Amino acid sequence: MENIEFQFDNSYAQLPERFYTRLPPTKVTAPQLVIVNEKLAHSLALDPDALRGELGAEVFSGNCVPTGSEPLAMVYAGHQFGGFVPQLGDGRAILLGEIVDRHGVRQDVHLKGAGRTPYSRGGDGRAALGPVLREYIVSEYMDGLGIPTTRALAVTMTGESVYREDALPGAVLTRVAQSHLRVGTFEYFAARKDIEALKILVDFAIDRHFPDLVGNAQPAKMLLEQVLRRQSALIAKWMSVGFIHGVMNTDNTSISGETIDYGPCAFMDTYSPDKVFSSIDHGGRYAFINQPNALQWNLAQLAQCLLPLIDDRTETAVSEAQGIIDQFPEIFAEDLGRAFASKLGLDCGPGEGLRIALDLLGVMADQLADFTLTFRNLANAVQDDDEADLFLRQFEKPAAVHEWLGEWRSRVIKDNDTADAARQRLRATNPAIVARNHLVQEAIEEAEKTGDFVLFHELLAELADPFSERPENSKYVRAPKPNEEVKRTFCGT
Ligand code: AMP
Ligand code: MG
């Protein structure tokens, strides 16, 4: 088979050898292309036509390494549910290389499920089709909402089975990310007291993600502060759409501030602040409402790693790093308040926005209101109760939300001049549809069991257009019926 050239411009592969292991993906027996993300391919200056056929299957399964690739597995460490693992690394992923995209942004092209590596520990290095489709659907949906995330470029089936509890069809996801640097990458070198490597990593992260900081006199401190800001903004955005990541381990906390690692993640149906979906999160460490705390904890691990670079005097370094971490609650409250003020269609400041939102969220939690539908239907409750049926229907006892509604209505009309302007603004901020668990699961199950991807493509098409109005009884809009509701999600690794 002919090869293909990607316009790779690899920077990570130029770092010292102790940052990775060079190795190619492991070949698969019968690669078959499921999907290529044509828009994303175009933005990476790849030719979707050339990649649609057999060559695409070969490239995106790892059978054919494109010219210019310097395949490698990255090493990292991480705190998983609070316990430190000194070496993790890409156990089933291969970085093919980096492409500077049409917007001038350097992007990693990475195969997930590409076979064993020195970091596989007990694992088989492979991925099952279900979790791969899930990551494709949810990550592309997040991007459509404007929430920073890794992207999905392609899915191929391998023609091989992977063995979890059952034999499942194997697949490879081609993932694109602004980088795969994680808090855990810093932890790997900090645990080894490899200060030289930490310095290299700080410079690399700054060059790649925070070019404004190049030449700054305090790079490590500034990096910490900027990662904190990006991650804070990210988690505020997650929470504003009812997203629960599910595995906020330090190896899944990216330095670029993108959502990474879609395992047991989920969008909530009914609002419950303590909601947990992940089958492995027994203590609720990564419950919806705990996500900011989990992030702060992860950022404190990053701070710890950077101490020797912040100041030679330990005490000074600790107090500087602590000063940054201590700012987190305030910065996060502002990010969250801004996000919710915007969801409510209000011009008020973040403090006021958060107060008003929390009052509503309190009633929603008491009454098991659907998160997405409640916010979406605010647009139908702007003027009076006659049109507010769809909103009020989200509450078992609508009387409980009347006082709130009255206060909000007077503000939202004032802030938007006309009721129509308010409605438009609300509909542009609150998605009509989300990648609900039961929809994702239905599409995955069809693909797994019958090899048919009709529902997968249909769901992708719906989710690509999250803000348009649809009939209230559309299966993509309505909440799951009790027998459809998915209560548990799995890593699938
Ligand atoms: P994750 O839960 O996907 O964040 O993965 C945590 C760690 O386990 C990473 O080092 C992965 O590379 C590794 N891992 C997950 N699944 C597999 C697998 N099937 N084979 C080898 N390593 C794996
Ligand atoms: Mg991970």
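Taking 0.36 nm per residue of sequence separation and subtracting the Cα-Cα distance, how much length would be gained by fully extending the chain between residue 474 and residue 333, in nm to one decimal?
Details: separation 141, 0.36 × 141 = 50.76 nm, distance 3.50 nm.
Residue separation times 0.36 nm, minus the Cα-Cα distance, leaves 47.3 nm.
Before anything else, pin down the relative contact order of the chain: Cα pairs under 8 Å, at least 6 apart, normalised by residue count, whole percent.
13
Sequence neighbours fewer than 8 away in the same chain don't count; with that in mind, list the lysines whose C-alpha is under 30 Å from residue 27.
39, 112, 449
For region 342-348, take each phi angle, set θ = phi - 60°, evaluate the Karplus expression 6.51 cos²θ - 1.76 cosθ + 1.60, and give the result in whole Hz per residue in order, putting x for glycine and proline.
For region 342-348, the Karplus curve yields 5, 4, 8, x, 10, 8, 5 Hz.
When DSSP assigns beta bridges and you keep just the ones with both residues in the chain, what percent turn out antiparallel, to the nearest 5?
Expressed as a percentage, antiparallel bridges in the chain total about 95.
Taking R0 as 35 Å, what FRET efficiency do you get between residue 488 and residue 316 from their Cβ-Cβ distance, rounded to the nearest 0.05? Each step should come with its number before you reach the end.
Details: r = 47 Å, r/R0 = 1.35.
Plugging the Cβ-Cβ distance into 1/(1 + (r/R0)^6) gives 0.15.
Rounded to the nearest Å, what's the spacing between the alpha carbon centres of region 325-340 and region 188-248? Just the number, please.
Using only Cα atoms to place each centre, the spacing works out to 17 Å.
What number in nm² do you get for the chain if you take the convex hull of its Cα atoms and divide its surface by four?
If you wrap the Cα atoms of the chain in a convex hull and average its projections, you get 23.2 nm².
Please identify every one of the trypsin sites (Lys or Arg not before Pro) in region 216-288 that sits in a loop by DSSP and has no more than 14 other beta carbons within 10 Å of its own beta carbon.
Sparse-neighbourhood loop trypsin sites (Lys or Arg not before Pro): none present.
Taking amide hydrogens as modeled 1.01 Å from N in the peptide plane, which residues meet the under 5 Å criterion relative to residue 35, leaving out close sequence neighbours?
155
Along the charge dipole of region 184-326, Cβ charges K/R +1 and D/E -1, which of 288, 247, 270 sits furthest on the positive end?
The Cα lying farthest towards the positive end belongs to 270.
Excluding residue 194 itself, what net charge comes from residues whose Cβ is under 14 Å from its Cβ, given Lys and Arg +1 and Asp and Glu -1?
Its environment carries a net charge of +1.
Less than 16 Å apart at the alpha-carbon level, and either on another chain or at least 8 residues along: which lysines does that give for residue 275?
Once the sequence-local lysines are set aside, what remains near residue 275 is 487.
May I ask you to list the lysines whose Cα is less than 19 Å away from that of residue 199, ignoring any residue fewer than eight positions away on the same chain?
Within the straight-line limit of under 19 Å, residue 199 reaches these lysines: 221.
If I model region 12-180 as equal point scatterers sitting on the Cα atoms and use the Debye formula, what is log10 I(q)/I(0) at q = 0.16 Å⁻¹?
-0.95
Tell me the chymotrypsin sites (Phe, Trp or Tyr not before Pro) within region 63-126 that lie in a loop according to DSSP and have at most 14 other beta-carbon atoms within 10 Å. Could you put the intermediate results ahead of the total?
Details: sites: 76, 81, 84, 119; in loops: 76, 81, 119.
Those that pass, being in a loop and sparsely packed, are 81.
Estimate the FRET efficiency between residue 424 and residue 5 by the formula 1/(1 + (r/R0)^6), using the beta-carbon distance for r and 30 Å for R0, to the nearest 0.05.
So the FRET efficiency works out to roughly 0.05.
Within 10 Å, at most 15 other Cβ atoms, and a DSSP state outside H, G, I, E, B define an exposed site. Report the longest part of the chain free of exposed GluC sites (Glu not before Pro).
Formally, the longest exposed-site-free interval is 166-395.
Can you pull the one-decimal nm distance between simple spin-label points at residue 120 and residue 368, each 7 Å off the Cα toward Cβ?
For the pair residue 120/residue 368, the computed spacing is 4.5 nm.
Full extension from residue 446 to residue 355: what is 0.36 nm times the residue separation minus their Cα-Cα distance, to one decimal in nm?
28.4 nm
Would you calculate the volume per residue, in Å³, of the smallest convex hull containing every Cα atom of region 73-130? Display every interim value, and only then the final one.
Working: hull volume 7.5 nm³, N = 58.
Considering the Cα atoms of region 73-130, their hull volume per residue is 130 Å³.
Loop only per DSSP, at most 12 neighbouring Cβ atoms within 10 Å: give me the trypsin sites (Lys or Arg not before Pro) in region 74-106, ordered by residue number. Can you show the working numbers first?
Working: sites: 92, 102, 106; in loops: 92, 102.
Answer by residue number: 102.
Here, each number is a calculation from the coordinates, and none is a lab measurement. Worth saying up front: this structure is predicted, and the values here are computed from it rather than measured. Note: ideal-geometry Cβ built from the backbone for every residue, glycine included; neighbour counts use all protein chains shown.
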